[in-house]
Amino acid sequence: MGFKAEWGPARLLATRDVADGVRQFDIVPEGAIPAYGPGAHIQVEVMIEGRPEVRHYSLIGEPGDGVLRVAVKRLADSRGGSAYLWGLAPGARLTISAPLNHFALSAGRPDYLLIAGGIGITPISSMARALARRGAPVRLLYAVRRGQDLAFGEELRALLGDRLQVFLDAEGQAIDLAAELGRVAPGGEVYICGPAPMMAAARQAWAALGRPPADFRLETFGAGGGQPAQPFVARVPRLDLEVTVRPDQTLLAALREAGADLMYDCQRGECGLCALDVLDVAGGLDHRDVFLSDRQKAEGRQMCVCVSRATGTVTLDTGHRAG
């Protein structure tokens with residue numbers, strides 16, 4: 001069972017490169033666009049080796065002109081979605097979902113801290129624009145590897161002024177998460193999107209400060225892990241299955257292709273519906289979800305098969321039998 005959303009045809013209106021390896025895609029759906037707020041995303045149907053798959057992309061900006069805008073980073077170890085979109089020219093036909101939002105921005109908070117790492121700027125930039133327009137107290141911390149990796153930098157600087165701080169890894173600059181999170185006023189909220197290790201470190205720092213977990217919000221795009229994607233073997237004895245998972249393929253996709261009838265929903269490592277029990281691992285687990293706690297990940301008894309990976313061979317158990 002998969003994520004339910006309203007789908008419809010759309011057309012690629014235009015593209016523009018907004019940073020090194022980051023391209024913006026302007027998409028015009030056929031029909032009216034439902035209202036959506038900052039943090040929303042759309043699902044896009046992409047073709048991977050002749051098979052339709054679904055990818056999720058955060059929307060940039062706010063509604064108003066009938067155009068949905070996403071920014072996509074071309075990743076060397078991607079699962080194929082970015083390569084597919086980068087191969088499209090204006091005029092190409094697409095199938096997309098209506099806007100969805102699991103990362104909605106609250107209103108009326110006394111303080112907002114936005115943190116973005118790399119392509120994680122996509123949902124964060126829409127929040128920055130909305131908060132600046134409302135006159136809300138907001139700061140944005142934006143970390144990238146190099147200056148040429150900075151997407152929407154000039155726009156955000158014009159919008160926020162010195163409330164925008166940029167950190168370049170190549171120049172030895174890093175966000176002091178404990179200090180910056182400690183500056184958030186009581187009742188304020190944190191919104192973060194970026195590589196999984198950065199988000200995990202920020203969540204740990206927030207917890208160490210004794211701040212309410214509900215005031216720390218994160219978004220994951222299911223791409224960043226602790227190590228580069230590589231092939232691994234997954235076994236499900238209950239279903240008499242053994243599959244080899246390609247670097248550009250999720251474990252969930254590989255198991256479903258082999259006939260496993262599994263429950264799943266977000267395909268972003270957020271909801272936990274796809275989590276399976278780990279019986280054994282000859283190698284290691286690369287947890288890329290934000291559903292399991294740090295303790296659960298360290299124990300290694302479960303993994304979210306929609307985004308997480310392994311090295312070597314992992315043996316799993318599920319009560320859901322092949323259909």
* Rounded to whole Hz, the Karplus (6.51, -1.76, 1.60) HN-Hα couplings of the stretch 26-40, x for glycine and proline -> 9, 10, 10, x, 7, x, 5, 9, x, 4, 8, x, x, x, 6
* Using semi-axes √(5λ) of the Cα gyration tensor in Å as the read-out, say which of (1) 36, 22, 19; (2) 48, 22, 16; (3) 32, 25, 18 was calculated from these coordinates. => (3)
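Using +1 on the beta carbon of Lys and Arg, -1 on that of Asp and Glu, and nothing else charged, what's the dipole of the chain about the Cα centre, debye to 20?
Working: 35 positive and 37 negative charges, 71 e Å.
Roughly 340 debye, rounded to the nearest 20.
Could you grab the relative contact order for the chain? Cα pairs under 8 Å, six or more apart, rounded to a whole percent.
Details: 709 pairs, mean separation 48.8, N = 323.
So the answer I get is 15 percent.
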* To do: List the relative contact order of the stretch 45-87 as a percent without decimals, with contacts defined as Cα pairs under 8 Å and 6+ residues apart.
  => 36
* Asked: Under the Karplus relation 6.51 cos²θ - 1.76 cosθ + 1.60, θ = phi - 60°, what is the ordered set of whole-Hz ³J(HN,Hα) values for the stretch 309-315, x standing for Gly and Pro?
  -> 10, 8, 10, x, 10, 10, 10
* **Rounded Å value of the spacing that divides the Cα centres of the stretch 44-111 and the stretch 166-195** => 25
* Return the calculated 222 nm mean residue ellipticity for the chain, to the nearest 500 deg cm²/dmol, obtained by summing -39500 (n - 2.57) across DSSP H runs with n ≥ 4 and dividing by the residue count. => -5000 deg cm²/dmol
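Bear in mind these aren't lab numbers, they're just calculated from the coordinates by the rules spelled out. Predicted, not measured: the structure shown is a model, and the values here were computed from it. Methodologically, a virtual Cβ is constructed for each residue, glycine included, from the backbone with ideal geometry; neighbour enumeration extends over all protein chains shown.
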